[in-house]
């Protein structure tokens, strides 16, 4: 089953496709059970004939697109000889004639298909296909971001007390460095995410990772209360904690090195730190970094 966030991404891509291509009917979905495409998002349709349709690889225009991993277009779907016709009844009920389909590919794997259609016979030109491909690229970026979030969230303490495993063994510095690297990656990723709900989810996870480390060795002296850093100050400090230079942090966060330096100076002042390392240690004691 497609997750709610992914469904929102698909719908946004379809609305973008409809706006930029001028096609009145757009629909699509992602691969679900057993690698079959399930059409769940539709805009501009007049019936529910296509809703929930399960498309197998190789079947129909969408199935051909899945098989070839490239855009496919037909000027008159009902009589086209370049595609198979397993879904003619649903297409006819909706009254579609000219149809195009473009694949959504994330990390060399097809994840879904976006469709656009007219209710009249007409060749679909390069500009229309280009608009559909651009909408698919946007969806690919959104799905890749969600995948990266899930990957990073998998790196987290797995016990109630992050200092100890169930048998009482210390997980060691290597495990904690993985958590800290994930925290820095998540904060850098959040800065690039356009979806406010997903960004808030990422930052919430960052907060959990930071507070989970409250008993790590570097916090032995207890937290420094009352310290508040601006989001960008914390982003920069998280990069610094992972060993990044000002230039590296700037590239990672999409900022200028001078801007990074300014945020770092401000964070150090708030933390009462004279060096980068002291700032990181103080932030960890305050529960701002893992």
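Coordinate-derived values only; no laboratory data. None of these values were measured; they are calculated from a predicted model. Cβ coordinates were reconstructed from backbone atoms using ideal geometry, including for glycine residues, and neighbour counts include every protein chain displayed.
Order of 74, 26 from fewest to most other C-beta atoms within 10 Å? Mind showing how you got there, number by number?
Working: 74 22, 26 26.
With the sparsest Cβ surroundings first, the list reads 74, 26.
Compute log10 of I(q)/I(0) for the stretch 1-122 with the Debye formula, placing one identical point scatterer on every Cα and leaving out solvent, at q = 0.12, 0.20, 0.22 Å⁻¹, to two decimals.
Log-scaled intensity ratios, in q order: -0.37, -1.12, -1.39.
So for 148, 120, 94, fewest C-beta neighbours within 10 Å to most, what's the order?
Numbers: 148 15, 120 11, 94 20.
Neighbour counts put them in this order, fewest first: 120, 148, 94.
On a C-alpha basis, how far is the centre of the stretch 19-60 from the centre of the stretch 65-81 in Å? Whole number, if you could?
What the calculation gives is 14 Å, centre to centre.
Provide the gained length on full extension for the span residue 121 to residue 247, in nm with one decimal, where the gain is 0.36 nm per separating residue minus the Cα-Cα distance.
Values: separation 126, 0.36 × 126 = 45.36 nm, distance 5.50 nm.
Here the answer is 39.9 nm.
Can you grab the distance from the C-alpha centre of the stretch 251-290 to the C-alpha centre of the stretch 101-156, Å, no decimals?
38 Å
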